[in-house]
Amino acid sequence: MNKEGYKLVQGNEACVEGALAAGMRFFAGYPITPSTEIAEISAEKLPALGGRFIQMEDELASMAAIIGGSLAGKKTMTATSGPGFSLMQENIGYAAITEIPCVVVNVQRGGPSTGLPTSPAQGEVMQAKWGTHGDHPAIALTPNSVQETFEYTVKAFNLAEKYRTPVIFLMDETVGHMREKMAFKDASEIEIIDRKKPTCKPEDYVAYRPDEDMIPPMAPFGEGYRYHVSGLTHDETGFPTNNNEISEKLVRRLVDKVDKNIDDFSYYEEYKLEDAEIVIIAYGGVSRSAKSAVDDLRKQNIKAGLFRPITIWPFLEKQVNKVSLNAKEIYVAEMNLGQYVLEVERIACKNCTVKSINKVNGELITPEEIVKAIGGNK
Amino acid sequence: MKKLEIRLSGSGGQGVILAAIILANAGVEQGLNAIQTQSYGPEARGGASKAEVILSNDEINYPKITRANILLSLTQKAYDKYNSSLETNGILIVDESVKLSGDETFKVYTLPILRTAQEKFETQLVANIISLGAIYELMGEGIIDKDIMIRSITERVPAHTVQKNTDAFEEGIKLARG
């Protein structure tokens, strides 16, 4: 560690450090490039903290295991990449309807299928929201640096605990594998949120009866609170029901408890937006190129700025709308063939032009490519 | 200091990524901004391997190298692939086994890196640290203190190989001095 308290740390390592700081004590996973270091370091560090690591037979089982671990009262996480993320989708929906907090890290690599294992991509932006079937809540966060990976992994756990829902931590190979300086924070400097537990006697506990904040208190298995957990649509007791009124109410509550609280976790960065006529919207690894591009464009007297969402889901409608009111053109730069841009268009196209900068060859979009697409000299 | 961009290239298993990590780590310990990235194929051994380090006093946004100030190539394949990415007055460090194209505008240091590893240390495993010594010698004085480099090597190589690796580092410095 240097004099200012910084250390050279890899993105994937920072994710584990953040998870441990947040209180992760159970990790189940199946190693896959470029996320493997997350499993590896978790395996190394968890036992010393009284936690458990288990390598499961595949990603379906890994996802199931972290749901079980969370139900037993632990904070849990798994980490994967595209192919594994696809396999986890069914059980992500299970965690959503049963309201079991957990964190799912996806370090994105080139796809589809096994694709480009060692190369960056951002092909799972839509999958992070719509990958599992049915209407369901979706929270996804995307860091763009090693420091941010640490800090937002903590927030991912906090949101999972607070809203009782799976949270997707959407990294990419660039951020996961790069090493840069990171400041380790003391536990006292980090805000940690734990799930709400019941205060009533076990015999009075109604497992899925929400408080006014739409979130039911959660009792860990094994402490005498007996209840039923089912992926079927259920009533407040947790037992399945076909009742139309109850079904409608449940699905709406699951989505509303997240969507209506978006102001609580709207994380983003604005860079040189004050007078920007050209706004680049980028996230994750690409946003670093976009920031360099903004500086290059400014040198050519082009009024460019950057809006960088860290909260990818729910979509930051309010902020993107505001940005679009002042912009002439918005360029969405992403390592896919146009995913986040669809949401930006939905909100911004009535106010300004929305264009797409895309790349799917396994390399990070460069600042030069962004500058060129916008019409600057390079 | 001005931004310094260093690219290390070779074949998978030669340890260029570890050498880059050690250099970036020393950069951070020195109090600089440093970033290290890599690209490699799915193979554990063989195949092309490339690692990059950027050192700067300023914030580093785009994490990759556009024009390298220093390029290390331990294999012909790596040299062929990356020599055009070196800036015109940059520094090229190649193993003596590499055949140059002959139209280099930059400074070239052809060094017996792989042979020295084999003859002096009886293992190819230290070729990366010999290379690191050469890079350190040629990157300019006063950027990173030597004791910080040695500490960075010590922290990042297996404990029983520390002496061999620090010796290899000194050997690399000597080779670059000529």
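The values are calculated or read from the model by the stated rules, or taken from the named source; none is laboratory data. What you are looking at is a predicted structure, and each value in this text was computed from that prediction instead of being measured. Note that we place each Cβ from the backbone using ideal geometry, even for glycine, and neighbour counts take in every protein chain shown. These accessible areas exclude ligands, DNA and RNA; they are computed on the full protein's heavy atoms, side chains included. Shrake-Rupley method; radii C 1.70, N 1.55, O 1.52, S 1.80 Å.
Data table
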quantity	calculated
Residue in the range A:317-332 that is under 24 Å from the mean Cα position of the chain (by Cα) and under 23 Å from A:Gly176 (Cα atoms) present	yes
Within the range A:275-290, considering residues that are touching a residue at least 40 places away in the same chain (Cβ under 8 Å) and open to solvent by 10 Å² or more (accessible area, probe 1.4 Å), the one farthest from the other protein chains (Cβ to nearest Cβ)	A:Glu277
Residues within the range A:70-114 that are within 14 Å of A:Arg25 (Cα to Cα) and open to solvent by 10 Å² or more (accessible area, probe 1.4 Å), tallied	5
Qualifying residue in the range B:96-108 (condition: basic (Lys, Arg), surrounded by fewer than 20 Cβ atoms within 10 Å (Cβ to Cβ) and out of contact with any helix residue (DSSP H, G or I) (no Cβ under 8 Å at 6 or more places or on another chain))	yes
Residue check, A:Pro216 open to solvent by less than 40 Å² (accessible area, probe 1.4 Å), in the same structural domain as A:Ala19 (by TED's automatic domain parsing) and under 27 Å from A:Asn242 (Cβ atoms)	yes
Yes/no for B:Gly102 being more than 15 Å from B:Arg7 (Cα to Cα), within 14 Å of another protein chain (Cβ to nearest Cβ) and not charged (D, E, K, R)	no
Flag for A:Thr174 being in contact with a Leu (Cβ under 7 Å, 6 or more places away or on another chain) and of a type outside the set (Phe, Trp, Tyr)	yes
Tally, over the range A:35-55, of residues that are open to solvent by less than 40 Å² (accessible area, probe 1.4 Å) and not in a helix (DSSP H, G or I)	3
Residue within the range A:323-339 that is at positive phi, within 14 Å of chain B (Cβ to nearest Cβ) and either surrounded by fewer than 24 Cβ atoms within 10 Å (Cβ to Cβ) or in a strand (DSSP E or B) (or both) present	no
Qualifying residue in the range A:31-42 (condition: within 22 Å of A:Leu159 (Cβ to Cβ), at pLDDT 95 or above and within 14 Å of another protein chain (Cβ to nearest Cβ))	no
Condition broken by A:Ala128, with the remaining ones in (1) farther than 18 Å from A:Ser86 by Cα; (2) more than 14 Å from chain B (Cβ to nearest Cβ); (3) open to solvent by less than 20 Å² (accessible area, probe 1.4 Å) satisfied	(1)
Evaluation of B:Ile91 against (1) within 10 Å of another protein chain (Cβ to nearest Cβ); (2) in contact with a helix residue (DSSP H, G or I) (Cβ under 7 Å, 6 or more places away or on another chain); (3) open to solvent by less than 40 Å² (accessible area, probe 1.4 Å); (4) not aromatic (Phe, Trp, Tyr) (one fails), failing number	(1)
Among the residues listed as B:Thr166, B:Thr88, the single one being of a type in the set (Ser, Thr, Tyr) and more than 17 Å from the chain's Cα centre (by Cα)	B:Thr88
Hey, B:Ile70 touching a residue at least 60 places away in the same chain (Cβ under 8 Å) and β-branched (Val, Ile, Thr) or not	yes
Filtered residues of the range B:133-160 (kept if touching a Ser or Thr at 6+ places or on another chain (Cβ under 9 Å) and among the hydroxyl-bearing types (Ser, Thr, Tyr))	B:Thr154
Which numbered condition B:Glu59 fails, given (1) within 14 Å of chain A (Cβ to nearest Cβ); (2) over 24 Å from B:Asp145 (Cα atoms)	(2)
Cross-chain or 6+ apart pairs with Cβ under 6 Å, the range B:140-158 first and under 20 Å from B:Ala176 (Cβ atoms), then surrounded by 14 or more Cβ atoms within 10 Å (Cβ to Cβ) and charged (D, E, K, R)	B:Ile148/B:Glu29
Residue in the range A:231-245 that is within 25 Å of the chain's Cα centre (by Cα), free of Cβ contacts under 8 Å to residues at least 24 places away in the same chain and surrounded by fewer than 18 Cβ atoms within 10 Å (Cβ to Cβ) present	no
Breaking point among (1) hydroxyl-bearing (Ser, Thr, Tyr); (2) more than 14 Å from chain B (Cβ to nearest Cβ); (3) within 30 Å of A:Pro117 (Cβ to Cβ), for A:Ser145	(2)
Enumeration of residues in the range A:349-374 that are closer than 23 Å to B:Thr66 by Cβ, open to solvent by 70 Å² or more (accessible area, probe 1.4 Å) and away from chain B (no Cβ under 14 Å)	A:Val360
Residue selected from the range A:165-189 under the condition touching a residue at least 40 places away in the same chain (Cβ under 8 Å) and open to solvent by 30 Å² or more (accessible area, probe 1.4 Å), by the criterion farthest from the other protein chains (Cβ to nearest Cβ)	A:Ala187
Of residues in the range B:14-45 being modelled with pLDDT under 95 and at the interface with chain A (Cβ under 9 Å from one of its Cβ atoms), the one most open to solvent (accessible area, probe 1.4 Å)	B:Pro42
Given (1) in a loop (DSSP other than H, G, I, E, B); (2) buried (at least 23 other Cβ atoms within 10 Å of the Cβ); (3) of a type in the set (Phe, Trp, Tyr), index of the condition A:Phe315 fails	(2)
